[in-house]
Amino acid sequence: MGLAKRIIPCLDVDNGRVVKGVNFVGIRDAGDPVEIARRYNEQGADEITFLDITASHEGRDTTVHTVEQIAEQVFIPLTVGGGIRSVEDIRTMLNAGADKVSINTAAIHNPELVQQASERFGAQCIVVAIDAKRVADVDGAPRWEIFTHGGRKPTGIDAVAWAVKMADLGAGEILLTSMDRDGTRNGFELGVTRAITDAVDIPVIASGGVGNLDHLVAGILEGGADAVLAASIFHFGEYTVPEAKAYMAARGIEVRT
Amino acid sequence: MSETVAVIDYGMGNLHSVASALQHVGAGRVLVTHDADQIRAADRVVFPGVGAIRDCMAEIRRLRCDELLQLALIEQRKPVLAICVGMQALLSRSEENGGVDCLDIVPGTVRHFGQPLVDAGGQRLKVPHMGWNEVRQVGQHPLWQGIPDASRFYFVHSYYVTAADRSLLAGAVDYGVSADAALARNNLFAVQFHPEKSHTAGLQLLRNFLAWSPPC
């Protein structure tokens, strides 16, 4: 027995409310991230990711307050991402109670931020989020590029090479989202997941496209991911975290029960 | 229940979680502080830590937290719980940052997991060692009370501890190597994992720490 593969429910939060809507079996949509985080904690989630999609500057204060409240009541690791642009932003989130901070677009504009943050706060709390999309094959081999703006804007950066660079600069973990699959419920893009998990020595979280429990299993067994992130399958009460773990365990995946 | 727990704050990382977890399991008063008087007066001391060891050691020494820790451990003989980099700082020396001398309170070394790291079955292991792993309890200790052997705790570290005196080992974790997950000596208990992030098992360990009266 060894390290368990992790299941990470993700909350998309706008101005202090979970926006994708959450409907646990028998419980009405709360929309309150603190309530929802607490419930996932009780269900045995291994971590929680909090993705802040608040656009306004004023709304950021709400986010900090929400993170503080979650950290007071949830005793599993909490990752906060969305809108992190500076060492100061990272400090603010860590002080509010986040255990890890996820950097996405800012790493593209300023890769040194990853290095500075890792040296200052330790690699263990610096997650680099990569939004990848499949582009034209090169010499018959598949290729994925990094896209920003919710998958609309190409950057020309090769996703696998970028993951390696981020690990070299001191990222402690990669959060890999397939923009081709996000929201489709067709399962993870296993090609890019496998390419990146093979290329880096740091843990990789697979994200984007989970529609059923077989997708979680494939992310681990075929994609080689160390953790799987999902939102809607848990939010809408289709599956609970314990059901997901039991399903994975039955297929030989080590999970924390 | 009017006891005071001092969480030593040497400015490295977020101690909010440690404090709120202690509060959650019924600590009377939790002070996150590097104030000498407060630490001296506290009934129990928690020595946490995150980040890189060189910066941690520099701040520990600058704020004289090393002296306060020695005082609590040796003269006052108060219960002390060291967590993660707090544990690593107790050893003699760490390989991190090109080699850093630590407090030498517990003789031994802190080494990098190394690459390539593989498990017993030859599978490649990622570093940092990040996530929930099983802790094999070694011997009986009041801090393990009510926690089943091989319970999973949350780890996140790239360097691991090996105490020179193997009789201090209270818990071990396998990750390519066998690493010291917990060390115990008199009124000191040190853990590599994060009890404050380890849900039920971790909260039980903190509860046990608050109830612990080590023999004088």
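The figures follow:
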quantity: Tally, over the range B:3-12, of residues that are small (G, A, S) and more than 15 Å from the chain's Cα centre (by Cα); calculated: 1
quantity: Residue match in the range A:155-168 (condition: surrounded by fewer than 20 Cβ atoms within 10 Å (Cβ to Cβ) and in a loop (DSSP other than H, G, I, E, B)); calculated: no
quantity: Scope the range B:117-151; condition in a loop (DSSP other than H, G, I, E, B) and facing chain A (nearest Cβ under 8 Å); matching residues; calculated: B:D119, B:K126, B:V127, B:P128, B:A150
quantity: Subset of the range B:101-116 [within 14 Å of chain A (Cβ to nearest Cβ) and over 16 Å from B:Q192 (Cβ atoms)]; calculated: B:G114, B:Q115, B:P116
quantity: Failed item, numbered, when B:G49 is tested on (1) outside any strand (DSSP E or B); (2) more than 10 Å from chain A (Cβ to nearest Cβ); (3) in contact with a helix residue (DSSP H, G or I) (Cβ under 9 Å, 6 or more places away or on another chain); calculated: (2)
quantity: Residue match in the range A:177-190 (condition: within 13 Å of another protein chain (Cβ to nearest Cβ), hydroxyl-bearing (S, T, Y) and without any contact (Cβ under 8 Å) to a residue 60 or more places away in the chain); calculated: no
quantity: Filtered residues of the range A:135-146 (kept if part of a strand (DSSP E or B), at pLDDT below 95 and not β-branched (V, I, T)); calculated: A:A136, A:D137, A:A141, A:P142
quantity: Looking only at the range B:8-23, and only at residues there that are assigned to a helix (DSSP H, G or I) and more than 7 Å from chain A (Cβ to nearest Cβ), the one that is farthest from A:C125 (Cα to Cα); calculated: B:Q23
quantity: Selected residue (criterion: nearest to the other protein chains (Cβ to nearest Cβ)) from residues of the range A:218-257 that are assigned to a loop (DSSP other than H, G, I, E, B) and among the aromatic types (F, W, Y); calculated: A:Y239
quantity: Strands (runs of 3 or more DSSP E) (entirely within the range B:152-197) containing at least 1 residues that are within 12 Å of chain A (Cβ to nearest Cβ) and crowded, with 24+ Cβ neighbours inside 10 Å; calculated: B:152-157
quantity: Top-ranked residue in the range A:73-104 [being in a loop (DSSP other than H, G, I, E, B) and away from chain B (no Cβ under 13 Å); ranked as farthest from A:R60 (Cα to Cα)]; calculated: A:N104
quantity: Search result, residues across the range B:129-164 that are among the hydroxyl-bearing types (S, T, Y) and within 27 Å of A:I205 (Cβ to Cβ); calculated: B:S151, B:Y154, B:S158, B:Y159, B:Y160
quantity: Matching residues, the range A:63-81, being surrounded by fewer than 22 Cβ atoms within 10 Å (Cβ to Cβ) and out of contact with any Ser or Thr (no Cβ under 7 Å at 6 or more places or on another chain); calculated: A:H65, A:E68, A:Q69, A:Q73
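The values are calculated or read from the model by the stated rules, or taken from the named source; none is laboratory data. Everything numeric in this text was worked out from a predicted model, so none of it was measured. Positions of Cβ are backbone-derived with ideal geometry, glycine not excepted, and every protein chain shown enters the neighbour counts.
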